[in-house]
Amino acid sequence: MDALNRVNPVKSRNRASSVVSSLPRPLAPEHTNHRHSQPDLASSAPFLSSPHQHTQAATSSSLSSSSYASFGSTLGGSSTTFASHNSTDCLSNGMTLDFEGGAHVIVRPNRIIRGTFRLDLTEITQVTRILIKFRAEEYATVKVEESSADGKNDWIHQATTTFFEVEYKLFGSEAQTYSQSAWEEMDAGHYEFPFALKFPNVNYPPSMEEPPGFGIRYIWTAQIDGPGLQSGLRSREYITPYRPIIVSTEEKEWMYRTTLTRDKKQALAEVRGKLFKQCYCPDEPFSMQLNMTTLHSDCKISNISFKFRKHHEGKMLVQQGTAFRDHTRTVLHGGIPLTNSSTPTSLSELISFDIPTRLVSPSFASRHTRVYYDIYFQLHIEHGHLFKSTHQAEFAIPLTIANLPHAQLLRIPELTSTQRYQDSMECPVFFDPDLDEPPAPQGLPSELIGPLTAALMSPPQNEEPPSYFSLPSLPPQLQLRKERKERTVYMSRPAKGGSLDLAEATIIRGLYDESSW
């Protein structure tokens, strides 16, 4: 506390304006890509500098409050509070995470994310340390009907897989395995702690929230540890969108063929679709040549329309088999007017539109979710001369979506060395925000540390004369590198009385394959 006062005197807030709140309640996650953000605390709070190298306030233009968009708010009525040991009520405090780029911040592979943690204390607080945390998780939630002694009841099963979780100390003492941690006293006032994180060159699944009950999130939180292992402050969750870098394939012309039938017995028309690419990126032009020919002289094509669709599928293993949910979203739709190049029995039309940027993310498949696209055609065929009947036929042409054209493959540094998250143990790294880049990582990956340790810490056995060289411990350069640890938590509860509104999932009984779709 003395060190804090020596750097800059504390400007205390007026306690009369403080808000008294009840016991803390969990807050809803805050999405940083929402346009309407919460008011900024920094505009009305005094500034306090800290002696720690990571708590120096951002006085330059790059870290000024004007270069950020604030997503937090004063944690008042719905606040996260630090309850005193001898009091049931406490003053509310403000905790805000601001990111460079504001509401447009997007996490990508091999990219550095910078920001500032802003803290407003309304009273003197004992603090052991201040941490910022970042994690990625995929969750799957399904409702299934299960039999029991009381009959059939609906149960909700949830699996949450955390891909990684990293943290960084902004202020306070380091946590040691062999020692307890001391705490310091922080006066009421406004504090700012800049931070920086570099995401590894690894492609994780993109952020998503569909189908209902399934999702992938990349979440930031700030945490203040109280004295003597007591509960402290915790900010709300800030969810930033993540987009992997996926390159489209080379342009390759291909032909789609199918036969339209009536009641799966009588063939009505032949369809030929000539497409000029297999993979597209958002905002790219799409075009195809559609040819259709009826197989009967009394058949006539009367109407045809198309939809560009996005399919979300989610699955989870349960006791009976695989619980399955799906959701289809129409991103774009339109009709196909018949031109002079078409006749009632033969159609030849060029279909073209621009791939939308909104609601279009790369095609991908993860452990619980899959996203894929197609162009769905629906047409009406009139059959007969005197007594006409109308038959509705449909077909879908598959497409894949990327987010980087193939022509830009060599323009992105280290793009060809990007790894899949299933094959990489690298995790995001917090580093000193005063640096442009994090230091080069020390240590070796886990797949190399075992053989190397055995070789260096035991003398050779078959040498003449014998060698007595060995190392009692490995130097830092040869120690194990920090790697991510993936974990999965399963939870189940009765659906009756729950607040989660889920439709019942489809059960594919006897199927227990989680790795393939």
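If you plug each phi of region 425-440 into the Karplus form 6.51 cos²θ - 1.76 cosθ + 1.60 with θ = phi - 60°, what whole-Hz ³J(HN,Hα) values come out, in order, with x for Gly and Pro?
Result, ordered by residue: 9, 5, 10, x, 10, 7, 8, 4, x, 6, 8, 6, 9, x, x, 4 Hz.
Using the number of other C-beta atoms within 10 angstrom as an exposure proxy, rank TRP183, TRP254 with the fewest first.
So the ranking, lowest neighbour count to highest, is TRP254, TRP183.
Can you give me the long-range amide H partners of LEU511? Hydrogens built in the peptide plane at 1.01 Å from N, cutoff under 5 Å, separation of 5 or more residues or another chain.
THR322
Students often forget the sequence filter, so: which lysines lie under 19 Å Cα-Cα from LYS315 once same-chain residues fewer than 8 apart are removed?
Of all the lysines, those that pass the test against LYS315 - Cα under 19 Å, at least 8 places apart if same chain - are LYS143.
What is the set of long-range amide H partners of PHE171 at a cut-off below 5 Å, with H atoms built 1.01 Å from backbone N?
Answer set, sorted by chain and number: ILE130.
Just for region 254-409, what percent of DSSP beta bridges are antiparallel, to the closest 5?
So the antiparallel bridges in region 254-409 amount to around 95 percent.
Just how far, in whole angstrom, is region 137-206 from region 336-407 if you go by their alpha carbon centroids?
42
If neighbour count is taken as other Cβ atoms inside 10 Å, put ASP374, ASP354 in order from fewest to most.
Listing ASP374, ASP354 from fewest to most nearby Cβ atoms yields ASP354, ASP374.
How do VAL247, VAL429 line up, fewest other C-beta atoms within 10 Å first?
Taking fewest neighbouring Cβ atoms as first place, the list is VAL429, VAL247.
I'd like the Karplus ³J(HN,Hα) series for region 187-200: coefficients 6.51, -1.76, 1.60, θ = phi - 60°, whole numbers in Hz, and an x wherever there's a Gly or Pro.
6, 5, x, 10, 10, 10, 10, x, 9, 8, 9, 10, 7, x
Where a number appears in this text, it was derived from the coordinates with a stated rule and is not lab data. A quick note: this is a predicted structure, and the numbers were derived from the prediction, not measured. All Cβ positions, even for glycine, are placed from backbone atoms using ideal geometry, and neighbour counts span all protein chains on display.
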